[in-house]
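J.: Structure incoming, see below.
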Amino acid sequence: MSGRVRLAAVTLLALALVLPSGSPTLAQAPRTGGTLVYGIRQEPSTTDPHGSAAAVAQRVVAAMYDSLVFMTPRGQFLPWLAESWQVTPDAKVYTFKLRRDVKFHDGTPFNAAAVKFSLDRIIDPATKSTSAIAALGPYDHTDVVDDFTARVHFKDSYAPFLYAASTPYLGIVSPTAVKKWGVDFIKHPVGSGPFKFDSMVPADNITMVRNPEYHWPPKGFFTNTGPAYLDKIVVKTIPETSTRIATLENGETNAIEPVPEKNVAALARDKRYRVLKAPYPGAPRLVFLNVKKFPTDDLAVRRAVLYAFNQEQMVRTLLFSVHTPAKTPLTPASVGYDKSLASMYPYDPEKAKSLLEEAGWRAGADGIRVKGGRRLVLDEFIIGNIGLDEPAQFLQGQLRDVGMQVEIKSMARAAWYEGINKGDHNLVPLFYIYADPDLLRGLYHTGNIPFNWSHVSDAGLDRDLEEAYKTPALSKRIPIYKRVQAKVMDLALALPLYNEFNLVGIRTEVKGMVFDPTAYPLFYDVWIEKK
Amino acid sequence: MARYLRQRLTGSLPVIFGVSVLVFLMLHLVPGDPVMVLLGEHSAADTAALDRLRQTLGLNDPLPVQYGRFVWRALHGDLGRSIRLNLPITELVLQALKPTAILAVAAMAVAVAGGVLLGVIAAVHRGQLMDNVAMFLGLVGVSMPGFWLGSLLIFVFSVQLGWFPATGQGGLNRLVLPTLALALAPLAVLARLVRSSMLEVYRQPYVTTARAKGLTERVVVYHHALRNALVPVVTLAGLEFGRLLAGAFVIETVFSRVGLGRLAITGILNKDFPVVQGVALLVALIYAGINLLVDLSYAYLDPRVRYG
């Protein structure tokens, strides 16, 4: 399963915000030329789609490489490098008919052999692939049927593959360049995308320039059909938040990501800037409840947690109302979102208290409830200083009101992974961006313990998740995923907190920025207005 | 002189060896696994992948074996590859060294020049307004954290006035703000030391003699008093240079400059062992080199000091 594969939903809201507010917009013709300097918090760790890519690298990878198909934020698949495709009813074999007029940046022609080469490269241990290999699922092999027909075989049914094939992780690389550079391909990356690699200074920037030959974008999503408008893109790492905002203000950058919640209102008020909001698909910010560890092994405790938490108040006080309260296992921007579940656990502290009373939890001298001599203490494991502290403290305060004590254990990332994989926690926060509802399998299937951080093992859930995994038609999968989500809420496996948006600040001269299904920016349509 | 140098250089070896062992142990004893960071959520979903990757990276071997391999490679000029970026560390470190060196040297130059000037002014005008102003500035400099000063400088000179860019490296205009942010603390410390050191020298008989000979106050101050007052200052400047490298870690992040500090911090946060080891080794070498330079400069400043 493909972990941080960030797909997402672009969103009407984002598009609406791009337009100048007030008067109706006159359509302007995009201008060719100019440089986009994109200031970003975290360094894109690689230029190789198949390597050990952190999610953030996808902004760069998506600009330089093309994938077989394109997924729109509404879950529709469009032709890209593949003109058409066929899937067998058991979702084990995918046949792609490829475009014949595509060239990699180094002049190598794109064909079925390049597809086979790329997919085989991912499963080669020497590639040290993490996300891409996960996205390939039960991959077996690829047949080159003819020069422009590739047939991909899986060992097992794999319905989410079309989605995986649309992500930058399965971008197609130039076989010539990989053979030439070997492990140094990362310094000489070659794809077929609208931008070519120019230079890179580790920890500082990755610079790309326009590919003048490009004319094979996904059909029917972008307005552009030829080479990109921008001459150049500089993706610049600026870890310090105040510095990142300062560069947008003094013009060193003309776009930054992310804008901190507290700065959104001020930037949006200023005529020189605009804040684009793209909703992330997948699991909202949520907190898993470990069903295997005392006291969250008690269903009454888990349900009480869900009733005791006030999402609206949290969004208002902590997040400046930039994000929206979450009440469901998938965000509203996700394919398969079930709105009806949103009313299942209204904020109701009295209900939480009575559930606990019924289950035998009695308030002790200090107000913390006790049952059988054991106190109602929940250990929450978080990574320190990455914005998880305040939500955890907020949860701590809310649960205290109904007699539960939350112990916040703040640690470094590596130690945190180790702790939660062992299952030492009661509560653990997660944010999981993924545009296919198959992510639910990663979170709640027995086979995914311990990544299934609630450690749930439920035969009904497992059966449904497997069935959906093997059903090619999305329309048939969605009802199954709705069943899964209802079960997740019924068992109170997770406490949804809020639905997050990717917040991109731009100077108003930057036009045409749209987002991929994972809410990541796409630069192909971007152009810069001359002032 | 040659013998002294040889002795000192041999003496530095255990220090550098000690640093490398300590850093290696610390990195491995702190809980957490770089492969898990790398794989993120996949680490748990796919334990086979975890093991395969550990095997490829040599992280399954016993610690002494891993350390031995590190030393053996380092002796051959190879510091391995970054786990996260998959780039050669020698390349990363060398690329980061130049901007850090430029920043550190510029900041040190500003700190020494400013510190000596301020200190001398304060000492000469002891007890008067100039002294109080200089020492107040010194107090401000010591008390202001670098990251805060950095953000303030960016706000005033980059955003409001638009005089200097806020980020990056290369070109004098990108050096000014980070240099100031980094130099202020050591400048203040040095100014205070120069002042007290000068005041002490003033009480020495040879200063009285110089004045009695009828030399101008200028020659007395700069030729006779200052040169002698500088011996403890040089010692402190050497130490401050070490602190300055540590300060550069913060300043580089605030100003988004390429440098050893940012490389090390990103390495530490991601448990990228080889990167942190590489930077630590280089910084240890720099420290040892600077201490040696400080010792050698005594002979220049004080003719009584001889190395034989």
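J.: When you look at A:Asn426, is it surrounded by 17 or more Cβ atoms within 10 Å (Cβ to Cβ) and either within 9 Å of chain B (Cβ to nearest Cβ) or at pLDDT below 90 (or both), yes or no?
T.: Answer is no for this residue.
J.: Cβ-Cβ under 6 Å, sequence separation 6+ or interchain: first residue in segment A:110-132 and within 13 Å of A:Tyr169 (Cβ to Cβ), partner among the charged types (D, E, K, R). Which pairs?
T.: Going by the 6 Å Cβ cut-off, the qualifying pairs are A:Thr127/A:Arg121.
J.: Then there's this: Which one of B:Ala111, B:Ala101, B:Ala123 is crowded, with 23+ Cβ neighbours inside 10 Å and at pLDDT below 90?
T.: Matching residue, one of B:Ala111, B:Ala101, B:Ala123: B:Ala123.
J.: For segment B:176-188, does any single residue satisfy the condition of being buried (at least 18 other Cβ atoms within 10 Å of the Cβ), farther than 30 Å from A:Thr253 by Cβ, away from every other protein chain (no Cβ under 14 Å) and not aliphatic (A, V, I, L, M)?
T.: yes
J.: Examine segment A:126-136 for a residue that is touching a strand residue (DSSP E or B) at 6+ places or on another chain (Cβ under 7 Å) and either among the basic types (Lys, Arg) or at negative phi (or both), and state whether such a residue exists.
T.: No: segment A:126-136 contains no residue that is touching a strand residue (DSSP E or B) at 6+ places or on another chain (Cβ under 7 Å) and either among the basic types (Lys, Arg) or at negative phi (or both).
J.: Can you name every residue in segment B:266-281 that is of a type outside the set (Gly, Ala, Ser) and either more than 9 Å from chain A (Cβ to nearest Cβ) or touching a helix residue (DSSP H, G or I) at 6+ places or on another chain (Cβ under 6 Å) (or both)?
T.: Listed by number, the residues that qualify are B:Ile268, B:Asn270, B:Lys271, B:Asp272, B:Phe273, B:Pro274, B:Val275, B:Val276, B:Gln277, B:Val279, B:Leu281.
J.: Also, I was wondering about something else. Out of the residues in segment A:376-420 that are charged (D, E, K, R) and away from every other protein chain (no Cβ under 14 Å), state the one that is farthest from B:Asp272 (Cα to Cα).
T.: In this case the residue turns out to be A:Asp401.
J.: Among what's in segment A:103-118 and is in contact with a Ser or Thr (Cβ under 6 Å, 6 or more places away or on another chain) and surrounded by 21 or more Cβ atoms within 10 Å (Cβ to Cβ), pick the residue that is farthest from A:Phe197 (Cα to Cα).
T.: The qualifying residue farthest from A:Phe197 (Cα to Cα) is A:Phe110.
J.: Picking from B:Asn228, B:Asn270, which residue would you name as being surrounded by 22 or more Cβ atoms within 10 Å (Cβ to Cβ) and among the polar types (S, T, N, Q)?
T.: Only one candidate qualifies: B:Asn270.
J.: Related question: Residues of segment A:447-467 being out of contact with any Phe, Trp or Tyr (no Cβ under 6 Å at 6 or more places or on another chain) and outside any loop (DSSP other than H, G, I, E, B), which ones?
T.: Correct list: A:Gly447, A:Asn448, A:Ala459, A:Gly460, A:Asp462, A:Arg463, A:Asp464, A:Leu465, A:Glu466, A:Glu467.
J.: Now for a different question. Quick test for you: out of B:Gly238, B:Gly242, pick the one residue that is modelled with pLDDT under 80, closer than 22 Å to B:Ala185 by Cβ and not hydrophobic (A, V, I, L, M, F, W, C).
T.: B:Gly242
J.: Looking at (1) part of a helix (DSSP H, G or I); (2) over 24 Å from B:Glu91 (Cα atoms); (3) of a type in the set (A, V, I, L, M); (4) at pLDDT 80 or above, can you tell me which one B:Ala166 breaks?
T.: Unmet for B:Ala166, out of (1) part of a helix (DSSP H, G or I); (2) over 24 Å from B:Glu91 (Cα atoms); (3) of a type in the set (A, V, I, L, M); (4) at pLDDT 80 or above: (1).
J.: Tell me the residue from A:Thr518, A:Thr508, A:Thr471 that is β-branched (Val, Ile, Thr), surrounded by 24 or more Cβ atoms within 10 Å (Cβ to Cβ) and in contact with a Lys or Arg (Cβ under 7 Å, 6 or more places away or on another chain), please.
T.: A:Thr518
J.: Another one. Find all pairs meeting these conditions: Cβ atoms under 7 angstrom apart; at least six residues apart or on different chains; first residue within segment A:69-93 and under 17 Å from A:Trp216 (Cα atoms); second residue acidic (Asp, Glu) and part of a loop (DSSP other than H, G, I, E, B).
T.: Listed by first residue and then by second, the contacts come to A:Trp80/A:Asp66; A:Leu81/A:Asp66.
J.: Here is a further query. For segment A:122-152: of the residues being of a type in the set (D, E, K, R) and away from chain B (no Cβ under 14 Å), which is farthest from A:Trp80 (Cα to Cα)?
T.: Per the stated criteria, the residue is A:Asp140.
J.: Collect the residues in segment B:269-282 that are touching a residue at least 40 places away in the same chain (Cβ under 8 Å) and on the phi < 0 side of the Ramachandran plot, keeping them in residue-number order.
T.: B:Asn270, B:Asp272, B:Phe273, B:Pro274, B:Val275, B:Val276, B:Gln277, B:Gly278, B:Val279, B:Ala280, B:Leu281, B:Leu282
The values are calculated or read from the model by the stated rules, or taken from the named source; none is laboratory data. These numbers were taken from a predicted model, which means no experiment stands behind them. Cβ atoms come from the backbone with ideal geometry, glycine included; neighbour counts cover every protein chain shown.
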